[in-house]
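Heads up, the thing below is written out as structure tokens.
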Amino acid sequence: FVVEAVKAEVESVVAMNPKELVVKFNKAVSKESVAPSDFVVTATGTKTTLAVVDVQLSEDGKTATLLLRNTVPAAGVDVKIEEGTILTSNFDKFSKFSATAVKATEDKVAPKLLSAVAKDNTTVELTFDEPVDWTTNTGGISVNADNQVNGINSTKAGNYTYSFTTVSPLKVGAN
């Protein structure tokens with residue numbers, strides 16, 4: 001009776017939305033071994049690098065969400081991971097990995113507001129189901145018919161919560 005060891009490998013890479021990629025591993029990743037620089041992302045058919053600004057691991061360590069500085073181009077992105085740059089939780093090296101032309105599906109649905117919470121009498125925290133690009137969505141938000149400032153884009157992968165300072169203090173009760 002012989003048990004063969006399962007080699008540590010990347011299973012897949014998909015574009016979750018226009019600015020985030022999801023990398024699935026067959027073994028749990030060591031949180032200390034993973035960094036944005038471990039993932040080389042280039043526009044397909046070019047040598048243009050797309051910066052990975054943040055990496056967040058899932059609770060089980062088998063999924064990494066990458067936040068890109070720019071959106072995935074229409075032709076897609078190529079993703080490379082060199083052998084040994086990322087380690088498992090048991091400190092085994094993940095194999096070299098490469099994926100080409102990973103494309104984001106066209107996002108035809110506006111972000112859905114999941115919650116709105118008053119943090120204090122002038123701060124509102126909004127959570128959406130996907131990232132909101134506040135550089136292109138310049139209308140901001142409105143609380144109690146006051147015009148508000150625009151949101152600030154998230155710098156954390158998988159974080160879709162944004163804080164806003166209201167023009168007027170929030171009233172007691174519903175706003």
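The values are calculated or read from the model by the stated rules, or taken from the named source; none is laboratory data. In this text the structure is predicted, and so the values were computed from the model without any measurement. Quick reminder, even Gly has a Cβ in these numbers, built from the backbone with ideal geometry, and neighbours come from all protein chains shown. Keep in mind that these areas ignore ligands, DNA and RNA; they rest on the heavy atoms of the full protein, side chains included. Shrake-Rupley method; radii C 1.70, N 1.55, O 1.52, S 1.80 Å.
Show the residue pairs meeting these rules: Cβ distance below 9 Å; 6+ apart or different chains; first residue within region 103-132 and under 20 Å from residue 155 (Cα atoms) and open to solvent by 80 Å² or more (accessible area, probe 1.4 Å); second residue assigned to a loop (DSSP other than H, G, I, E, B) and of a type outside the set (Phe, Trp, Tyr).
112/129; 112/130; 113/129; 114/129
Among what's in region 1-23 and is more than 25 Å from residue 133 (Cβ to Cβ) and either in contact with a strand residue (DSSP E or B) (Cβ under 7 Å, 6 or more places away or on another chain) or not aliphatic (A, V, I, L, M) (or both), pick the residue that is surrounded by the fewest Cβ atoms within 10 Å (Cβ to Cβ).
That would be 1.
Scanning region 62-72 for residues that are out of contact with any Asp or Glu (no Cβ under 8 Å at 6 or more places or on another chain) and at pLDDT 95 or above, which turns out surrounded by the most Cβ atoms within 10 Å (Cβ to Cβ)?
My answer is 64.
Is there a residue in region 147-160 that is of a type in the set (Lys, Arg) and surrounded by 12 or more Cβ atoms within 10 Å (Cβ to Cβ)?
Yes.
Would you check which residues across region 8-24 are within 15 Å of residue 80 (Cβ to Cβ), touching a residue at least 60 places away in the same chain (Cβ under 8 Å), in contact with a Phe, Trp or Tyr (Cβ under 9 Å, 6 or more places away or on another chain) and not acidic (Asp, Glu) and list them?
Within region 8-24, 10, 13, 21 meet the criteria.
Which condition number does residue 167 fail, the rest of (1) part of a loop (DSSP other than H, G, I, E, B); (2) at pLDDT 85 or above; (3) surrounded by 12 or more Cβ atoms within 10 Å (Cβ to Cβ) being met?
(2)
Tell me, which residue of region 138-164 that is part of a strand (DSSP E or B) and closer than 27 Å to residue 20 by Cβ is modelled with the lowest pLDDT?
164
Restricting to region 133-143, name every residue that is within 21 Å of the chain's Cα centre (by Cα) and surrounded by 13 or more Cβ atoms within 10 Å (Cβ to Cβ).
The answer is 133, 134, 137.
Output the number of the condition that residue 92 fails; it satisfies all remaining conditions of (1) farther than 17 Å from residue 156 by Cβ; (2) acidic (Asp, Glu); (3) modelled with pLDDT of 95 or more; (4) open to solvent by less than 90 Å² (accessible area, probe 1.4 Å).
With (1) farther than 17 Å from residue 156 by Cβ; (2) acidic (Asp, Glu); (3) modelled with pLDDT of 95 or more; (4) open to solvent by less than 90 Å² (accessible area, probe 1.4 Å) applied to residue 92, the lone miss is (3).
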